1. Going by what's in this entry, would Arg127 be described as among the charged types (D, E, K, R) and exposed (fewer than 13 other Cβ atoms within 10 Å of the Cβ)?
2. Pick from Arg127, Arg196: which is at negative phi, at pLDDT 95 or above and not in a helix (DSSP H, G or I)?
3. Only one of Ser17, Ser10, Ser21, Ser28 is surrounded by 10 or more Cβ atoms within 10 Å (Cβ to Cβ) and at pLDDT below 80; which?
4. When only residues in region 130-157 that are among the aliphatic types (A, V, I, L, M) and part of a helix (DSSP H, G or I) count, which is farthest from Ile70 (Cα to Cα)?
5. Restricting attention to region 80-129, which residues are among the small types (Gly, Ala, Ser) and within 20 Å of Gly159 (Cβ to Cβ)?
Amino acid sequence: KLQSQSRLESQIEAIASQLESQRKAIASQLESQVKAIASQLQSQSRLESQIEAIASQLESITEAVVDTPIVSSSGFDYTELDRLLKSGQWKAADEETAKMMLAVARQTQRGYLDEDDIKNFPCEDLRIIDGLWVKHSNGRFGFSVQKQIYINCGGLPDGSYPGDTIWERYCGEVGWRVNGSYISRSDCTFSAAAPRGHLPVGGGFVCYCGWFSGLGRGGVYIISSSLAHRLVTCSI
């Protein structure tokens, strides 16, 4: 009986020892896993901090780019035109275009440009204005867009009048002539939904030929053909 009890106690001790060893092994494994998870969390935290730092830097760079003035070598600032076009304020951008073109040609006081003003308009400034319109309209608006439509309708970029048929076709394509009649400025569509080449109208025509003010077709085609010719000579 005593021997049986002794063997039983030995077995119990052995089992207890095995259980303790297993407990320690499990505890060690769990501790290692917890440390690994903690390390991963720390790495994730550092990664998140790095991402936040990079995002902050990108935001600063973006703000710096947005705030960078767009100025031609002659000193004319087109930052406001860029802002208006970027925000889709098409009518205000059209008016700003007219204002800037008059200023560049030094005809603000006179209030309009003539054929010679267009022929001598600085290429750099014309390129900036056109580029901003084309960029922010996704290629729908701008002088270069109007020039291509003008040529597609049969007009020649040599400054000559293309003839009534070609001219009327062109004005119909860009939405300046509807149902056989030339529209007024108040009927222009100052939105992204306007016909391709519809804008600019103020900078392109109104400010210097008075088309919408009553001078009629004559002033428009002279300036339009001259502008097309100037775009070609400026490689726009």
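The values are calculated or read from the model by the stated rules, or taken from the named source; none is laboratory data. What you see is a predicted model; the values in this text were computed from it and never measured. With ideal geometry, Cβ positions are generated from the backbone for all residues, glycine too; neighbour counts draw on all protein chains shown.
1. Details: among the charged types (D, E, K, R): yes; exposed (fewer than 13 other Cβ atoms within 10 Å of the Cβ): no.
In short, no.
2. Details: Arg127 fails: not in a helix (DSSP H, G or I).
Of the residues listed, the single one that is at negative phi, at pLDDT 95 or above and not in a helix (DSSP H, G or I) is Arg196.
3. Numbers: Ser17 fails: at pLDDT below 80; Ser21 fails: at pLDDT below 80; Ser28 fails: at pLDDT below 80.
Selected residue: Ser10, the only one of Ser17, Ser10, Ser21, Ser28 that is surrounded by 10 or more Cβ atoms within 10 Å (Cβ to Cβ) and at pLDDT below 80.
4. First, the residues of region 130-157 that are among the aliphatic types (A, V, I, L, M): 132, 134, 145, 149, 151, 156.
So of that shortlist, the ones also part of a helix (DSSP H, G or I) come out as 132, 134, 145, 149, 151.
Working: Leu132: 10, Val134: 15, Val145: 22, Ile149: 28, Ile151: 30 Å.
Taking the candidates together, the pick is Ile151.
5. Of region 80-129, the ones among the small types (Gly, Ala, Ser) are 87-88, 92-93, 98, 103, 105, 111.
Ala105 - this is the single residue of region 80-129 that is among the small types (Gly, Ala, Ser) and within 20 Å of Gly159 (Cβ to Cβ).
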